[in-house]
Amino acid sequence: MKIQCLFLLAAICLLQTCQSNQSINYDLVITNAQIYDGSGDPSFMGSIAINADTIAAVGILGDYIATETVDAQGQAVAPGFINM
């Protein structure tokens, strides 16, 4: 039983390692942005990934492939907010 559990644990770790090495595809990635997320926490530097009309990820992105990349150096970005 112990050997089966160790084998299962090793297989799960290997699967997670293989998955983490894969690039994620996004339609648009906004990089080097000063991000204000509306939580009340201080802003932070990071990226915003978008697929179609949905925000797919916010923060430090791993490996990715983007159809289009926009460098927002020196700009503030508030994902999910609409200009009032």
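The values are calculated or read from the model by the stated rules, or taken from the named source; none is laboratory data. Small disclaimer: the values here were computed from a predicted structure and weren't measured. Every residue, glycine among them, receives a Cβ derived from its backbone with ideal geometry; neighbour counts consider all protein chains shown. Side chains included, ligands, DNA and RNA excluded: accessible areas come from the protein's heavy atoms. Shrake-Rupley method; radii C 1.70, N 1.55, O 1.52, S 1.80 Å.
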### Task
May I ask you to list the residues in the range 38-49 that are surrounded by fewer than 17 Cβ atoms within 10 Å (Cβ to Cβ) and either in contact with a strand residue (DSSP E or B) (Cβ under 8 Å, 6 or more places away or on another chain) or free of Cβ contacts under 8 Å to residues at least 24 places away in the same chain (or both)?
Ser39, Gly40, Asp41, Pro42, Ser43, Phe44, Met45
### Message
Of everything in the range 50-68, what is under 19 Å from Gly38 (Cα atoms) and open to solvent by less than 80 Å² (accessible area, probe 1.4 Å)? Give them in sequence order.
### Response
Ile50, Thr54, Ile55, Ala56, Ala57, Val58, Gly59
### Query
Any idea which residue in the range 69-79 is surrounded by the fewest Cβ atoms within 10 Å (Cβ to Cβ), counting only those that are under 23 Å from Ile24 (Cα atoms) and either touching a strand residue (DSSP E or B) at 6+ places or on another chain (Cβ under 6 Å) or charged (D, E, K, R) (or both)?
Gln73
#### Entry: Qualifying position, being modelled with pLDDT of 95 or more and surrounded by 10 or more Cβ atoms within 10 Å (Cβ to Cβ), among Leu15, Leu28
Leu28
### Message
Looking at the range 37-75 only, could you name the residues that are at pLDDT below 90 and in contact with a Pro (Cβ under 8 Å, 6 or more places away or on another chain)?
### Response
Asp37
